[in-house]
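Asks: Here you go, one structure.
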Amino acid sequence: MGKSQMKRRDVLMTSLGAAALASIPGKEAFASDLAAVTRTGEETTLTRPELKEFADSLTYALLSPGTPRYDSARKVWNGIWDSRRPALIAQCADSDDVVSAVNFARTHDLLVAVRGGGHSISGMSVCDGGLVIDLSPMRTVLTDLATKTVRVGAGALLSDLDRETQNYGLVVPAGVVSHTGVAGLTLGGGIGRLMRMYGLTIDSLLAVDIVTADGQLRRASKDENQDLFWGVRGGGGNFGVVTAFEYQAHTFGPTYIGGGILYSMEHAKDALDFSFEFSENAPDELGVNAGMTVMEDGTAAAIIGITYVGDESKAERALQPLRKFGRELRDVTRKANYVNEQSGRDAANSHGRLYYIKGRHMNDYDPKMLDVLFERWKPAPGRYTTMRIVRFGGAVSQIDNDATAWPHRHAMWDIEVGGHWTDPDQSEEYVQWGRDYWDALEPYTSRELYLNELMDEEQDQVTESYGNNYKRLVELKNKYDPTNLFRLNANIEPTV
């Protein structure tokens with residue numbers, strides 16, 4: 001495909017950003033040179049002519065400290081990283097803008113962060129002193145009904161994807177908070193409520209357009225740049241900036257059997273213990289998660305949540321073991337609207353709160369773990385404590401571990417525990433609480449983590465989490481990003 005064709009396609013892909021683009025009065029004027037930070041942490045200076053040339057190359061805008069919209073543009077979902085101040089934010093309208101940004105970063109050896117939805121727990125979609133390549137204007141979702149394929153801009157959110165596809169009775173399996181970015185979720189694998197039936201998000205991925213560290217726009221699929229296509233399916237943002245994703249959608253919706261059973265704290269430990277047995281024997285059509293929640297009246301409760309996406313007439317048979325367990329405080333199982341459910345947890349995961357959350361895989365279940373969970377799962381002033389355990393298996397486990405870069409096909413469960421608050425003065429106390437919590441939990445979990453749940457782990461644990469796929473990922477990193485320009489991620493360190 002020629003450059004002119006690609007450009008026309010990108011114009012279509014960014015139509016949602018057109019109104020915002022039209023409201024910009026013009027490129028920001030740079031009155032002086034600008035201090036910045038290189039990818040290795042050294043100080044550098046960007047001259048005014050260099051900045052002007054870069055700004056003029058962008059369709060949208062180049063922001064720096066003190067310019068309009070800079071402070072709002074640098075904020076990400078996890079408010080614990082709100083102090084980070086990049087030297088530049090390149091707001092990109094299409095892949096040509098991304099090429100310009102990558103070339104500028106490489107030429108000046110800048111520290112680079114890439115922002116899609118800005119939803120990373122670890123805050124790696126923003127940086128201090130470097131360049132943020134901001135893809136948020138690129139939000140268009142286009143559906144081809146003849147092929148049931150969906151093309152998605154790299155700045156799109158799950159809400160954009162879900163609403164567009166459900167308009168046609170289709171779905172791409174994705175996460176469970178609607179303001180999550182499609183890009184980060186996909187590149188990290190993509191777990192969600194439909195995965196046992198339809199697989200991870202990457203299992204529906206057909207192709208990506210990606211700008212690699214050399215500034216080249218490439219297409220990766222099963223037929224083109226197959227090695228790169230393998231790597232982006234679980235290897236995160238290590239190999240370049242993906243500007244567009246193409247998915248195979250599935251016929252689904254608009255409703256399914258969802259919700260679950262709530263249990264009082266008196267029965268919470270028994271309920272969570274039962275959830276492991278129940279989830280281990282569940283059919284592929286049934287997704288099972290368990291956790292602790294706080295109801296509308298402030299009462300703490302345990303929940304065994306379900307997502308049944310098979311024949312609705314057979315739902316009760318699948319749920320029979322759960323019904324027989326009894327002891328429920330409230331049954332909230334019902335026919336649910338998929339789009340509505342996808343935004344049901346948005347308020348509990350709102351932008352700007354200060355989050356400390358970690359996750360680990362579990363391949364075995366030791367009931368003693370529940371004692372540790374409940375010992376520290378206690379209310380605290382201003383802190384909302386969150387915990388969930390989700391069952392893998394089903395379609396996720398029916399693909400070979402090395403078929404994609406995502407290395408956790410064998411994992412049984414994933415556990416995520418943490419908290420969030422609004423008062424920065426509480427951060428030191430509650431971050432330490434989170435670390436102590438995980439120190440106590442680690443004997444009962446795997447060392448492997450779903451890399452989209454990365455918080456503050458050391459590099460050796462990141463490396464270990466890629467498992468046997470790490471060697472092949474390093475070879476790809478050496479080929480496509482030998483200087484580690486794209487390092488703010490679950491990083492694969494090059495060896496050349």
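Asks: I'm trying to understand the selection: among the residues of the stretch 231-269, which are part of a loop (DSSP other than H, G, I, E, B) and over 30 Å from Pro482 (Cα atoms)? Before you say what the answer is, go through the steps one by one.
Replies: First pass over the stretch 231-269, keeping only residues part of a loop (DSSP other than H, G, I, E, B): 233-240, 249, 252-254, 264.
Selection gives Ala249, Phe252, Gly253, Pro254, Ser264.
Asks: Report yes if Ser120 is surrounded by 23 or more Cβ atoms within 10 Å (Cβ to Cβ) and modelled with pLDDT under 95, otherwise no.
Replies: Values: surrounded by 23 or more Cβ atoms within 10 Å (Cβ to Cβ): yes; modelled with pLDDT under 95: yes.
The answer is yes for Ser120.
Asks: Would you confirm, using the coordinates I've provided, whether Val150 is surrounded by 23 or more Cβ atoms within 10 Å (Cβ to Cβ) and aliphatic (A, V, I, L, M)? Talk me through it step by step, then tell me what you get.
Replies: Details: surrounded by 23 or more Cβ atoms within 10 Å (Cβ to Cβ): yes; aliphatic (A, V, I, L, M): yes.
So Val150 fits the description; yes.
Asks: Here's another thing I want to ask about it. Kindly check whether there is at least one residue in the stretch 171-184 that is in contact with a His (Cβ under 6 Å, 6 or more places away or on another chain), β-branched (Val, Ile, Thr), not assigned by TED's automatic domain parsing to the domain that holds Val339 and not in a loop (DSSP other than H, G, I, E, B).
Replies: yes
Asks: In this structure, does Arg139 turn out to be surrounded by 24 or more Cβ atoms within 10 Å (Cβ to Cβ), part of a loop (DSSP other than H, G, I, E, B) and of a type outside the set (A, V, I, L, M, F, W, C)? Show your work before the answer.
Replies: Working: surrounded by 24 or more Cβ atoms within 10 Å (Cβ to Cβ): yes; part of a loop (DSSP other than H, G, I, E, B): yes; of a type outside the set (A, V, I, L, M, F, W, C): yes.
Spelling it out, Arg139 is indeed surrounded by 24 or more Cβ atoms within 10 Å (Cβ to Cβ), part of a loop (DSSP other than H, G, I, E, B) and of a type outside the set (A, V, I, L, M, F, W, C).
Asks: Hey, another quick one. Whether any residue in the stretch 87-98 is modelled with pLDDT of 95 or more, farther than 13 Å from Leu135 by Cα and in a loop (DSSP other than H, G, I, E, B) is what I want to check.
Replies: Quick first cut of the stretch 87-98, residues modelled with pLDDT of 95 or more only: 87-98.
Now narrow it down to the ones that are farther than 13 Å from Leu135 by Cα: 87-88.
Next, from what is left, pick out any that are in a loop (DSSP other than H, G, I, E, B): 87.
Yes, because at least one residue in the stretch 87-98 is modelled with pLDDT of 95 or more, farther than 13 Å from Leu135 by Cα and in a loop (DSSP other than H, G, I, E, B).
Asks: Which pairs do you get when a residue that is assigned by TED's automatic domain parsing to the domain that holds Lys269 and buried (at least 17 other Cβ atoms within 10 Å of the Cβ), found in the stretch 307-326, comes within reach of a residue that is of a type in the set (Asp, Glu) and assigned to a loop (DSSP other than H, G, I, E, B), reach meaning Cβ atoms under 8 angstrom, with the pair 6+ apart or on two chains?
Replies: Cβ pairs passing all conditions: Tyr308/Glu285; Val309/Glu285; Ala318/Glu285.
Asks: If you don't mind, there's one more thing I want to ask. Look through the stretch 60-86, keep the residues that are in contact with a Gly (Cβ under 9 Å, 6 or more places away or on another chain) and either assigned to a helix (DSSP H, G or I) or of a type in the set (Val, Ile, Thr) (or both), and return whichever of them is surrounded by the fewest Cβ atoms within 10 Å (Cβ to Cβ).
Replies: Gly79
Asks: Quick check on Ala220: is it touching a residue at least 60 places away in the same chain (Cβ under 8 Å), buried (at least 24 other Cβ atoms within 10 Å of the Cβ) and among the small types (Gly, Ala, Ser)? Walk me through it before giving the result.
Replies: Values: touching a residue at least 60 places away in the same chain (Cβ under 8 Å): no; buried (at least 24 other Cβ atoms within 10 Å of the Cβ): yes; among the small types (Gly, Ala, Ser): yes.
Criteria not met by Ala220.
Asks: Could you please give the count of residues in the stretch 266-301 that are of a type outside the set (Asp, Glu) and loosely packed, with under 15 Cβ neighbours inside 10 Å? So that I can check it myself, show each step before the final result.
Replies: Going residue by residue through the stretch 266-301, those that are of a type outside the set (Asp, Glu) are 267-269, 271-272, 274-276, 278-279, 281-283, 286-295, 298-301.
This time we only want the ones that are loosely packed, with under 15 Cβ neighbours inside 10 Å, so: 281, 283, 294-295, 298-299.
Qualifying residue count, the stretch 266-301: 6.
Asks: Kindly indicate whether any position in the stretch 157-169 is part of a loop (DSSP other than H, G, I, E, B) and of a type in the set (A, V, I, L, M, F, W, C). Lay out the reasoning, then the answer.
Replies: Step one: of the stretch 157-169, the residues part of a loop (DSSP other than H, G, I, E, B) are 167-169.
Then keep just the ones that are of a type in the set (A, V, I, L, M, F, W, C); that gives none.
No, because not a single residue in the stretch 157-169 is part of a loop (DSSP other than H, G, I, E, B) and of a type in the set (A, V, I, L, M, F, W, C).
Asks: Hey, can you tell me all the residues within the stretch 229-243 that are of a type in the set (Gly, Ala, Ser) and closer than 15 Å to His408 by Cα? Explain how you work it out, then say what you get.
Replies: Step one: list which residues in the stretch 229-243 are of a type in the set (Gly, Ala, Ser), which gives 231, 234-237, 240.
Across the stretch 229-243, the qualifying residues are Gly231, Gly234, Gly235, Gly236.
Asks: Can you run down the residue pairs with Cβ atoms below 8 Å, 6 or more apart or on separate chains, where the first is in the stretch 56-73 and β-branched (Val, Ile, Thr) and the partner is assigned to a strand (DSSP E or B)?
Replies: none
The values are calculated or read from the model by the stated rules, or taken from the named source; none is laboratory data. As the structure is a prediction and not an experimental result, all values here were calculated from the model. Cβ atoms come from the backbone with ideal geometry, glycine included; neighbour counts cover every protein chain shown.
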